[in-house]
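Notes to accompany the following structure.
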Amino acid sequence: MRRSRAETDASHSTLSRRAALLGGAQLLFMGGLAARMRYLQVDQADQFRLLAEENRINIRLIPPKRGEIFDRNGMQLAQNIPSYRIVMVREDAGDVEDVMMRLADLIGLTAEQTESAIAVLKRSAPFLPVTIAEDVSWDAVSAVSVNAPALPGVTPEVGSTRVYPRGSDFAHVVGRVGRVSQKDLDALEDPDAVLRIPRFQIGKINVEAREETLLRGVAGTKQVEVNATGRVMRELERREGQSGASLQLTIDANLQNYVQARLAGESAAVVIIDCEKGDIVANSSAPSYDPNLFIGGISSKEYNPLLNDKYRPLVNKTVQGSYPPGSTFKMMTAMAGLEAGIIGPDDTVHCPGHLEVGGRKFHCWKRSGHGWVDLETSLKGSCDVYYYDLALKVGIEKISAMSKRFGLGIKHDLALSSVNSGLTPTKEWKLQQRGEEWVIGDTVNASIGQGFMLASPMQLAVMTARLATGREVTPRLVKSVNGIEQPVLGNGPLDMKDSNLRKIRKSMYTVVNDRRGTAYRSRIIADGMRMAGKTGTSQVRSAVVNNNEVPWEQRDHALFVSFAPYENPRFACAVLVEHGGGGSTAAAPIARDVMLQALYEGEPPLEAYPSADRGRARTLQRKLRDVQPQARMKKGKDQA
């Protein structure tokens, strides 16, 4: 049936309107899309380009190689050695638990280690490598490599770890490193970004910590391309960092090894200083510990015995320890009197065995008294009354001031942890710190190194070096950095009368070489090697009781300071034996042995000892040879 013309026109009109509406809608959509594309591609182009670049390229740090540490002769004290670890990538492993079981059987992982590794793998992104085992042996690395087809996703990697080849000899000098903790980061105002690298290690104590900036070096960088999920696609650029500086210390490793062996069984400290430059050639605290135990983290089973040992092996007694110096301090009281012109070297004082001051009797160690004594005989026999009387004339202010000029009461700037400043008290100090007035009895006690007077073995060694030379000898521990010699500090004249210093030295000579001297049994008889010194006994309790009648912790400390050779001093030495009793019996023999070892740069001839003492010396030398071959072997290896 044919449609009429009117119907056809109406149909065309309807179609045209629909087409127009549809076309308009399409045009509107295309216009909106074009506007949006322009906004994104033109108006927001810079922002999206930045986001794209940040997502595409990451800058990652490359840990620098830590600087190594050597002794004064080039022996290695701290070094970096290859360290192997096993890592796994979860997405490459497939069945993680199955692969882990095979790996555990192959390299000997415990069930606990295996379960822990699986838990970490499940928490980590599938493409990130997870460390399964650290510090594994080369045999383990070889086994993993050979069985690689059966261990998909498992790869051995090589890194480096810190090792201390001299072990316990240098624990209290070189120190140790450990992983960066949150406490370490909190202690720094602006921590280096490299410190946040997983498993990165920094110095924890002593030279490793105090010279951290030099030893750490500067991190390198690498640019890597990553995809949207963070997977590394390729490395674009690498810039190597700067290795840490190599440090050479003033310590002589062979002498240090001998001193540590000589102190075996004691709770003691020895410091030996070169009188010319102030170089510390030995700095030994006993007992010690192996710092290698701490590198990968120490267990409670290993740490608790160190922490609870009454001999305190974790404490560096040479600088951290602070002790009443006892009679080794008497030279300071004498110098204060001589320099002030209050006494002359020939002035005498009568010692009946005590001095009464303010209604209280201050006893001499020799209850029967020393009779009439001058400066030389007072030091030779260590008469206390002579110094009680002298201190009342001189006063505490002059005594304390003189002590500081000789290095006591001063925190010496050394690359060691927890360096103690000691104490040379004054009236003002007691009022401020104790809220009490100074009394005359305080001065009497201070005159013989008791009461509030405190010093470390390091300070006593410095004091002795200054007495021996008349110069402001300043201790130095770092000899060179990257081969560049470090400056010798101080060393100027003390600006004191040479006649007074000579009298003190002569008196110290008689202490050791006169038959009535308190250290006569520990003398050196070799020509040109004779030693001068002073014994000291530091009380740790007020009651006068025989040391053999009280527990070890309540016995007196034994001290001895010395220098040699007397005519041309090369070394000054301070020895402390905690709760050792008398300085003449416990400390002086050690000082004589270590001083001879320093003077002869090795085992001394038996002829340097008095004939009556050569049997003991021979036995001691044989005993110490048995504990030293390791050090000699390492020296030969280093110098080869």
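What is the range 264-384 by shape, rounded, prolate or oblate, if you read a ≥ b ≥ c off the alpha carbon gyration tensor as root eigenvalues and call it rounded for a/c under 1.5, prolate for a/b larger than b/c, and oblate otherwise? Kindly include the intermediate steps, with their values, before the conclusion.
Numbers: a/c = 3.80, a/b = 2.17, b/c = 1.75.
In terms of gyration-tensor shape, prolate.
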Checklist outcome for this item: Around VAL349 (Cβ within 9 Å, Cβ-to-Cβ, excluding VAL349; K/R +1, D/E -1) the net charge comes to -3
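Does the range 83-162 come out rounded, prolate or oblate, given a ≥ b ≥ c as the square roots of the eigenvalues of its C-alpha gyration tensor, rounded meaning a/c under 1.5 and, failing that, prolate meaning a/b above b/c? Kindly include the intermediate steps, with their values, before the conclusion.
Values: a/c = 1.41, a/b = 1.28, b/c = 1.10.
Cα axes put the range 83-162 in the rounded bin.
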Item to check | Residues LYS623, LYS204, sorted so that the one with the fewest Cβ neighbours within 10 Å comes first | outcome: LYS623, LYS204
Checklist entry - Could you give the nm distance between label points at GLU356 and SER299, where each point is 7 Å from its Cα heading toward the beta carbon? => result 6.7 nm
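Assign unit charges at the C-beta atoms only (+1 for Lys and Arg, -1 for Asp and Glu), then state the dipole size of the range 253-639 relative to its Cα centre in Debye, rounded to the nearest 20. Before the final figure, lay out the partial values.
Working: 49 positive and 39 negative charges, 138 e Å.
The calculated dipole for the range 253-639 is roughly 660 debye.
By count of other Cβ within 10 Å, fewest leading, how are HIS354, HIS172, HIS370 ordered?
Values: HIS354 16, HIS172 29, HIS370 22.
So the ranking, lowest neighbour count to highest, is HIS354, HIS370, HIS172.
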Checklist entry - Taking neighbour counts of Cβ atoms within 10 Å as a proxy for exposure, in what order, fewest first, do VAL89, VAL385 appear? => result VAL89, VAL385
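Is the range 118-228 rounded, prolate or oblate when judged by the Cα gyration tensor, a ≥ b ≥ c being the square roots of its eigenvalues, rounded requiring a/c under 1.5 and prolate requiring a/b larger than b/c? Before the final figure, lay out each step's value.
Values: a/c = 2.42, a/b = 1.44, b/c = 1.69.
It comes out oblate by the Cα gyration axes.
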Item to check | Separation between Cα centres of the range 453-492 and the range 570-627, rounded to whole Å | outcome: 23 Å
Item to check | 17 Å cut-off, amide nitrogen to a point 7 angstrom out along GLU549 Cα→Cβ, residues in the range 354-376 | outcome: 365-368
Item to check | Reachable aspartates and glutamates, given that their alpha-carbon falls under 13 Å from the alpha-carbon of LYS404 and they are not under 8 places away in the same chain | outcome: GLU472
Next on the checklist: Between THR110 and ILE342, what's the calculated FRET efficiency when r is the beta-carbon distance and R0 is 60 Å? Round to 0.05.
Outcome noted: 0.20
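Grab the Cα-Cα distance for LEU195 and ALA264, subtract it from 0.36 nm times how many residues apart they are, and report the gain in nm with one decimal. Could you put the intermediate results ahead of the total?
Numbers: separation 69, 0.36 × 69 = 24.84 nm, distance 3.82 nm.
Full-extension gain reported as 21.0 nm.
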Item to check | Near-label residues of the range 505-521 by backbone N, under 18 Å of a point 7 Å along Cα→Cβ of SER611 | outcome: 515, 521
Item to check | Where labels lie 7 Å past Cα in the beta-carbon direction, separation of SER368 and LYS222 in nm | outcome: 8.2 nm
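Work out the FRET efficiency for LYS183 and VAL158 from their Cβ-Cβ distance, taking R0 = 25 Å, and round it to the nearest 0.05.
The value I calculate is 0.25.
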Next on the checklist: Taking 0.36 nm per residue of sequence separation and subtracting the Cα-Cα distance, how much length would be gained by fully extending the chain between LYS506 and ASN147, in nm to one decimal?
Outcome noted: 121.6 nm
Next on the checklist: Quick check on the chain: what are the equivalent-ellipsoid semi-axes from the Cα gyration tensor, as sqrt(5λ), descending, whole Å?
Outcome noted: 74, 30, 22
Next on the checklist: Nearest 500 deg cm²/dmol is fine: what mean residue ellipticity at 222 nm does the chain get from its DSSP H runs of n ≥ 4 alone, each adding -39,500 (n - 2.57), divided by its residue count?
Outcome noted: -11000 deg cm²/dmol
Checklist entry - Under 16 Å Cα-Cα from LYS503, which lysines qualify once same-chain neighbours fewer than 8 residues away are excluded? => result LYS330, LYS380, LYS534
Checklist outcome for this item: Partner aspartates and glutamates whose C-alpha sits under 12 Å from that of LYS122, ignoring same-chain residues fewer than 8 away, are GLU91, ASP95, GLU97
Next on the checklist: So, R0 is 60 Å and r is the distance between the beta-carbons of ARG521 and ARG234; what FRET efficiency does that work out to, to 0.05?
Outcome noted: 0.20
Next on the checklist: Can you tell me the orientation of helix 384-394 relative to the chain, as the angle in degrees between its alpha-carbon axis and the longest Cα principal axis, to the nearest 10?
Outcome noted: 80 degrees
Checklist entry - Near the amide H of CYS351, under 5 Å away, which other amide H atoms are found, from residues 5 or more places off or on another chain, if H is placed in the peptide plane? => result HIS370, GLY371, TRP372, VAL373
Item to check | Backbone N under 11 Å from the ARG102 label point (7 Å along Cα→Cβ), restricted to the range 126-159 | outcome: 147-154
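Using Cα pairs closer than 8 Å and at least 6 residues apart in sequence, work out the relative contact order for the chain, in percent.
Values: 1265 pairs, mean separation 82.9, N = 640.
Reported relative contact order: 13 percent.
The numbers here are math on the coordinates, done by the rules we state, and not lab data. Not measured: the values here are computed from a predicted model. Positions of Cβ are backbone-derived with ideal geometry, glycine not excepted, and every protein chain shown enters the neighbour counts.
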